[in-house]
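Structure, as structure tokens:
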Amino acid sequence: MKNFKIFKGLVCKEFLHILRDWRSLTMLLGIPIVLVLLFGSVMTMEIKDANIAVVSHAKDHDSKELINLISTSEFFKLVKYLDTSDEIDEEFKKRYHSYGLRF
């Protein structure tokens, strides 16, 4: 019970200190408001216009229809058709080098 009284006194002291100091109060109220505005409206986790390349070993109507559905959506942008699976590594390396990244 004594520990709770000490904790309660400490919390009251800190609360009064925050109310007296305008900088602490600004940080206490301002930072959450800025974060809510920033993450709530400006930043989004939705992916739009992601550049993709497609390898299609099946050249039938269904695979072409699926590729067409994916490429016409607002989320993906079809950049390249690849002929073999070996071209995937080359395309990744080319993209990494264009961003200045190294393996």
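Where a number appears in this text, it was derived from the coordinates with a stated rule and is not lab data. Since the structure is predicted, the reported quantities are computational estimates derived from the model, not experimental observations. Here the Cβ is made from the backbone with ideal geometry for all residues, glycine too, and neighbour counts use every protein chain on show.
Observations on the model:
- Packing-based order for 37-50, 66-79, using average beta carbon neighbours within 10 Å, highest first: 66-79, 37-50
- The modelled label-to-label distance for the pair N68/F92, using points 7 Å beyond Cα in the direction of Cβ, is 3.1 nm.
- FRET efficiency estimate (nearest 0.05) - Cβ-Cβ, C12 to I33, R0 25 angstrom: 0.50
- Candidate values [x] 128; [y] 88; [z] 248, label of the one derived for volume of the Cα convex hull per residue in Å³: [z]
- The chain - charge dipole about Cα centre, Lys and Arg +1 at Cβ, Asp and Glu -1, debye rounded to 20: 1240 debye
- Counting only DSSP H runs of at least 4 residues, each contributing -39500 (n - 2.57), and dividing by the residue count of the chain, the helix-based mean residue ellipticity at 222 nm comes to -18500 deg cm²/dmol.
- For the stretch 29-89: rounded, prolate or oblate by the Cα gyration tensor [a/c cutoff 1.5]: prolate
- Positive-end ranking of V79, Y96, G9 along the dipole of the chain, with charges on Cβ about the Cα centre, is headed by G9.
- Set of lysines with alpha-carbon distance to K2 below 30 Å, sequence-local pairs under 8 removed: K13
- Whether the stretch 1-45 is rounded, prolate or oblate, judged on the alpha carbon gyration tensor where a/c under 1.5 counts as rounded: oblate
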